[in-house]
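A short write-up of the structure that comes next.
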Amino acid sequence: MRRNFILLSIINLVLISGAAFSQSFRIVPLGVKGGIDESNLSAYMVAASGTNNYICLDAGTLYYGIEKAVNNKVFPVSAEQVLRQYIKGYFISHAHLDHVSGLIICSPADSSKSIYGLKSCLETIKTHYFTWDSWANFADEGERPTLKKYNYQVLTPNTPINVKNTWMQVTAFPLSHFNLASTAFLVKSNDAYILYLGDTGPDEVEHSHSLHELWQTVAPLIKNKKLKAIMIETSFPNEQPDKSLFGHLTPHWLMTEMNDLANLTGHNELKGFNIIVTHVKPPQDEIEKIKTQLKAENSLHLNLIFPEQGKAIDL
């Protein structure tokens, strides 16, 4: 009897270890929307599975989203501890308020860490937000006195960096977002990847090649089963005119871009591939329309994931 119990315990341990090993990342959405819902704006904590060493991809909403995750038992510690101890750095795609307001508001209660971004993005944060007229300068550069809580780390496009206090590596790629540069972040842990895109419009409307060049970069990772998911925005339903997209995607344009990617990977490679849909804009009936239209146009049979604030996604 005892021998059988020990054998079953070993089998269960192997099965659990195998399941854990197959997962590479934990994503905790702190905010999933664009637009007017200031309690639920773009921010995603990402860590290598089995660790509590997270980066935050954009920071529109922080504390409220962390509290929701704590209430959902995603984290076993307080929201204050998650903010101060679990988040090791912020990767900001662009400096629009719906992507940085949580970082600014939470800065007095935060701990020392780095803010990563393209030079133009960090320059806006430095000269418009962390100033003594707007708030206070919690960074180590800019208007004096500098409180030196945050350290600016300028990212060079297409150049990977190792993220301090994590097992992850991140590479930045420029995106076109109407009248400014946005950023995509390719996050690597061991031999697995996640691709996060800040706000971006379709190449055809933006008169750009940014997305096509990004797809060329990640297509081999998809074919080799190394890319676990693409996190990409769909802000408006298809009824939104192209002239009023202002650097965003609709279901039609997302699927147009996914077909461009499929032409590089082969269509079968995208069947069941994880697409995490970000930055949907209220009102709720418009969000439901976006979901319906995405499903209707999903001829590639992508696995469409609609993240919920405070609910973890394991990949």
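Within segment 252-264, residues that are under 12 Å from Asn298 (Cβ atoms) reach partners that are among the charged types (D, E, K, R) and outside any helix (DSSP H, G or I) with beta carbons closer than 6 Å, at six or more positions or on different chains, in the pairs Met255/Glu297.
Considering only residues of segment 244-273 that are surrounded by fewer than 16 Cβ atoms within 10 Å (Cβ to Cβ) and small (Gly, Ala, Ser), which is nearest to Gly201 (Cα to Cα)? Result: Ser244. Taken over segment 237-263, the residue count meeting the criterion of being hydroxyl-bearing (Ser, Thr, Tyr) and within 22 Å of the chain's Cα centre (by Cα) is 2. Does Ile276 qualify as being in contact (Cβ under 8 Å) with a residue 60 or more places away in the chain, among the β-branched types (Val, Ile, Thr), crowded, with 19+ Cβ neighbours inside 10 Å and under 29 Å from Ser49 (Cβ atoms)? In short, yes. Residue count for segment 109-122 satisfying the condition of being surrounded by 22 or more Cβ atoms within 10 Å (Cβ to Cβ), out of contact with any strand residue (DSSP E or B) (no Cβ under 6 Å at 6 or more places or on another chain) and not in a helix (DSSP H, G or I): 1. One residue alone among Ala95, Ala47 is buried (at least 19 other Cβ atoms within 10 Å of the Cβ), part of a loop (DSSP other than H, G, I, E, B) and hydrophobic (A, V, I, L, M, F, W, C), and that residue is Ala95. Of all the criteria given as (1) in contact with a helix residue (DSSP H, G or I) (Cβ under 7 Å, 6 or more places away or on another chain); (2) surrounded by fewer than 19 Cβ atoms within 10 Å (Cβ to Cβ); (3) not small (Gly, Ala, Ser), the one not satisfied by Asp191 is (1).
Hey, any hits in segment 198-205 for a residue that's in contact with a helix residue (DSSP H, G or I) (Cβ under 6 Å, 6 or more places away or on another chain) and closer than 19 Å to Thr51 by Cβ? No, there is no match, as no residue in segment 198-205 is in contact with a helix residue (DSSP H, G or I) (Cβ under 6 Å, 6 or more places away or on another chain) and closer than 19 Å to Thr51 by Cβ. Check whether at least one residue in segment 294-313 is assigned to a helix (DSSP H, G or I), closer than 22 Å to Gly60 by Cβ and among the acidic types (Asp, Glu), and report yes or no. No, segment 294-313 has no match at all.
Of note, Cys106 does not satisfy the criterion of being closer than 25 Å to Leu186 by Cβ and assigned to a helix (DSSP H, G or I).
Every read-out reported here was derived from the displayed coordinates using simple, explicitly stated rules and does not represent laboratory data. Predicted model, so just to flag it, every value in this text is computed and none were measured. Counting neighbours? That spans all protein chains shown, and the Cβs are built from the backbone with ideal geometry, glycine included.
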